[in-house]
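Visitor: This is the structure I want to talk about, given as C-alpha cells.
The values are calculated or read from the model by the stated rules, or taken from the named source; none is laboratory data. What you see is a predicted model; the values in this text were computed from it and never measured. Using ideal geometry, Cβ is built from the backbone for each residue, glycine included, and neighbour counts are taken over all protein chains shown.
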Amino acid sequence: MDDLIRALQIFRKYGNPKYPTHCEHDVLAIMDIDPDKVSKEDKAELEELGFIVDNNEGSYGPGMFISYRFGSA
C-alpha cells in the first residue's frame with residue numbers, strides 16, 4: 001500500500017484530476033497526467049513503484065501511466 005500512496009503523491013505534483021484512475025483487466029491507468037511534464041527522476045521512481053508510461057495506441061491512449069502491479073480484475 002505504501003508504494004501506491006507514494007506513486008499517487010508523485011502524480012499529485014503534476015495535476016489533480018477529478019477522476020484520476022481507470023482500471024480494466026489487470027491494468028490501473030492514471031488519467032490526465034502528461035508524462036512529458038513529469039521529471040526524469042520522478043519517472044524513474046514511478047517505474048520502481050510499478051508505473052510505466054504506455055506509449056501504445058491501445059485502449060488507454062498513448063502517453064499514459066499504467067500499472068500491472070496495482071491493476072487487478
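Visitor: Exactly one of (1) touching a Gly at 6+ places or on another chain (Cβ under 9 Å); (2) surrounded by 15 or more Cβ atoms within 10 Å (Cβ to Cβ) is unmet by Tyr68. Its number?
Guide: Status for Tyr68: all satisfied but (2).
Visitor: Quick check on my filter: what residues within the stretch 10-34 are at positive phi and touching a residue at least 24 places away in the same chain (Cβ under 8 Å)?
Guide: Asp26 - this is the single residue of the stretch 10-34 that is at positive phi and touching a residue at least 24 places away in the same chain (Cβ under 8 Å).
Visitor: Next question, about the same structure. Please go through the stretch 33-58 and pick out each residue that is surrounded by 15 or more Cβ atoms within 10 Å (Cβ to Cβ) and within 18 Å of Cys23 (Cα to Cα).
Guide: Ile33, Leu46, Leu49, Gly50, Phe51, Ile52, Val53, Asp54, listed by residue number.
Visitor: Are any of the residues in the stretch 62-70 assigned to a loop (DSSP other than H, G, I, E, B), of a type outside the set (Gly, Ala, Ser), at pLDDT below 90 and in contact with a Pro (Cβ under 9 Å, 6 or more places away or on another chain)?
Guide: no
Visitor: In the stretch 7-26, how many residues are exposed (fewer than 14 other Cβ atoms within 10 Å of the Cβ) and under 12 Å from Leu49 (Cα atoms)?
Guide: Of the residues in the stretch 7-26, 1 are exposed (fewer than 14 other Cβ atoms within 10 Å of the Cβ) and under 12 Å from Leu49 (Cα atoms).
For (1) outside any helix (DSSP H, G or I); (2) over 21 Å from Ser72 (Cα atoms), each residue gets a yes or a no:
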residue: Arg6; (1), (2): no, no
residue: Gly15; (1), (2): yes, yes
residue: Lys18; (1), (2): yes, yes
residue: Asp32; (1), (2): yes, no
residue: Asp36; (1), (2): no, yes
residue: Lys43; (1), (2): no, yes
